[in-house]
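First comes the structure, then the notes that go with it.
The values are calculated or read from the model by the stated rules, or taken from the named source; none is laboratory data. Quick caveat, the model's predicted, so the values are computed rather than measured. Here the Cβ positions follow ideal geometry from the backbone for every residue, glycine too, while neighbour counts run over all protein chains shown. Remember, those area values only see protein heavy atoms, side chains included, never the ligands or the DNA or RNA. Shrake-Rupley method; radii C 1.70, N 1.55, O 1.52, S 1.80 Å.
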Amino acid sequence: MSEQTVVKLDQVNKWYGKYHALRDIDLAVAKGETIVICGPSGSGKSTLIRCLNNLEQHDEGDITICDITISDNVKDIEKIRRHTGMVFQHFNLFPHMTVLDNCTFGLRHVLGMPLAEANKIARDLLNKVKIGDQEQKYPGQLSGGQQQRVAIARALTMSPDIMLFDEPTSALDPEMISEVLEIMRSLSKDGMTMICVTHEMGFAKEFADRIVFMEAGSVIEISPPEEFFVKPKTERAKVFLDQILAH
Amino acid sequence: MNHQASIEKITGKPIEARAKKAIPFSFSRVMVWIKRNLFNTWLDSVVTLALIALLCLLLPKALDWLFFSATFSGTNRADCAPGAACWIPIRQYMDYYIYGPFPESEQWRVNSAFAVGLFAFPLLFSQRIPQKWIVAYILVLPVVLWLLLKGGFIFEDISTSALGGLTLTFFLGIIAMCLSLPVSILLALGRQSQLPILRWACTGYIEIIRSVPVITFLFMASLVLQLFLPSGVSIDVLFRVLFVLIFVSAVYKAEIIRGAIQAVPKGQIEASYAMGCGYWKTMAYVVMPQALRNSVPALITNFIGLFKETTLVMILGLLEVMGAINATFHNAEWLGLHAEGPIVISAFFFIACFSIAQYGAYLERRIKRTKH
């Protein structure tokens, strides 16, 4: 494993009962890369990204994150999860905590940081996602776009090496998508290693270093966006792009 | 704060001023209200009038029996007015109802126990006190009550037979309420555990206990338990009764809490796990706060039920408040006064349980406020 590789998947397979959800996935992600995973629904994109921090367990093969290979060892898994931040489709903010408390949650309860110090880090990040003035509100009082920005800030508080985005804009009203994408763009520019499952082809075109195209649990194609969008290698990817770009 | 400040900036007046602008009171508005809410359709009118008529018929009679013609002072049966309530024995035995046969020289301990218990009100109703303190209070309260009322450590031991009346009711009710909640949380988590043995054990325990009447367990605690203990060893009946009350009522609460845990979206747990949080912290800080909030109405009902179930200990010869009051009216002097005892008992339980219900309502309002 080279020094620069932070995520490595080696022949990863997963089944849900008889359903073969992931087939022989091989993938290596270098530090600072932005990867976009796309493909038709049911192709295993979310399953794949959720396997990376062990929210789903794979059945065969090895997943190595920041030199730690996922095993049954709970301590290792918790370490991997501290290296990775995750942003969910439905935000999953804690509704019983204020925005600020949401963002200090990991710092205080996982890292055991004192409140004042945690508040400072959280406030810096909330300002970065331009939501610093809402810190005393509860998630239910915010719009979807604002909630997703808080969720990104919350994931960033743990200063992760890798950010995982699982369809971060799919549950948003159209006018709120851009404010979330803007944050993702600036993260990508700052050199964060990002793996994003998304249908935002504009974002993929502009910021992805590589695009991973999946179908029926297999990775069919991995190419840089300039190739993927202009001249996809596979017929299936071409059909997919025609469908998604037709709108 | 920020939000409020920004509203003030926009509207140009403090937010309190806008909120307090009440609709002016006027006679015509009252008439409109009456017409709309009491006599809207002919059926409404019939129901309204019928209920008013019933009230007019019963209320004067009841008030007369309870207060106006009732006897409050006197010394013996002969002083009682016929055809109305006679409160003489209640007044005479009031001390006994409150303290039971507790030794008189030690009654300050009962008073301090009540004071410690009443301390719950400022604590539970204040929003400024950190939750840690409240949890600590709930866990320490049973120990303090036990020391004060039953003795141990620096306090002189009081025999179980000296505990009775309100003292015993509060003693059993509060200790059972405080301790059954943690037990039920553990049971609920155990029933959903990933570990099969633990899951089966908790499920089996819950299913067996909730399928058998409480009174059976109380009988068993008093009679059957002795059969299994080596001769000469006996466990204080208070211990046995508390054990039954706690571990039986915990089963019902465990099921309430389990339902509420299942209603917490899976994404909440995933979000916590994804940050590297472990199982116990995720449960303690993410799942349980949400689950307990959602189960407040059901838990409050359960607490009320548990408090009333303490009367069942009568069958073991413990004279809690209901037993103590009933005992007076079995006294030859006051034999034949049937209604007074149950009325006093009802009044007492109503005050206690209604307070618990009010606390529940307060909690619900507070939770609603933080939700949106």
Looking at B:Phe102, B:Phe125, B:Phe155, B:Phe119 in this structure, which one is under 30 Å from B:Leu337 (Cα atoms) and in the same structural domain as B:Ile261 (by TED's automatic domain parsing)?
B:Phe102
Only residues that are open to solvent by 60 Å² or more (accessible area, probe 1.4 Å) and in a loop (DSSP other than H, G, I, E, B): list them for the range A:90-109, please.
A:His90
Of the listed residues (B:Ile315, B:Ile325), the one being within 17 Å of B:Gly164 (Cα to Cα) and open to solvent by less than 10 Å² (accessible area, probe 1.4 Å) is B:Ile325
Filter result (assigned to a helix (DSSP H, G or I) and open to solvent by less than 40 Å² (accessible area, probe 1.4 Å)) within the range B:335-358
B:Glu340, B:Gly341, B:Val344, B:Ile345, B:Phe348, B:Phe349, B:Ala352, B:Cys353, B:Ile356, B:Ala357
Residue under evaluation A:Val230, criteria (1) over 15 Å from the mean Cα position of the chain (by Cα); (2) open to solvent by less than 40 Å² (accessible area, probe 1.4 Å), criterion not met:
(2)
Sort through B:Leu299, B:Leu318 and tell me the only one that's among the aliphatic types (A, V, I, L, M), more than 14 Å from chain A (Cβ to nearest Cβ) and part of a loop (DSSP other than H, G, I, E, B).
B:Leu318
Can you name every residue in the range B:326-362 that is modelled with pLDDT under 85 and not small (Gly, Ala, Ser)?
B:Asn326, B:Thr328, B:Phe329, B:His330, B:Asn331, B:Glu333, B:Trp334, B:Leu335, B:Leu337, B:His338, B:Glu340
Is it the case that some residue within the range B:248-265 is out of contact with any Leu (no Cβ under 8 Å at 6 or more places or on another chain), within 14 Å of chain A (Cβ to nearest Cβ) and not hydrophobic (A, V, I, L, M, F, W, C)?
yes
If I ask for residues that are open to solvent by 60 Å² or more (accessible area, probe 1.4 Å), more than 8 Å from every other protein chain (Cβ to nearest Cβ) and without any contact (Cβ under 8 Å) to a residue 24 or more places away in the chain, which ones from the range A:65-89 would you list?
A:Asp72, A:Asn73, A:Lys75
Under the condition of being surrounded by fewer than 23 Cβ atoms within 10 Å (Cβ to Cβ) and of a type in the set (S, T, N, Q), which residue from the range A:121-163 is farthest from A:Met97 (Cα to Cα)?
A:Ser159
Report, by residue number, each residue of the range A:199-225 that is of a type in the set (A, V, I, L, M, F, W, C) and assigned to a loop (DSSP other than H, G, I, E, B).
A:Ala208, A:Ala216
Boolean, B:Ala250 is surrounded by 13 or more Cβ atoms within 10 Å (Cβ to Cβ) and either over 25 Å from the mean Cα position of the chain (by Cα) or within 13 Å of B:Leu316 (Cβ to Cβ) (or both):
no
Does at least one position in the range A:37-45 carry a residue that is within 23 Å of B:Tyr273 (Cβ to Cβ) and in contact with a Ser or Thr (Cβ under 7 Å, 6 or more places away or on another chain)?
no
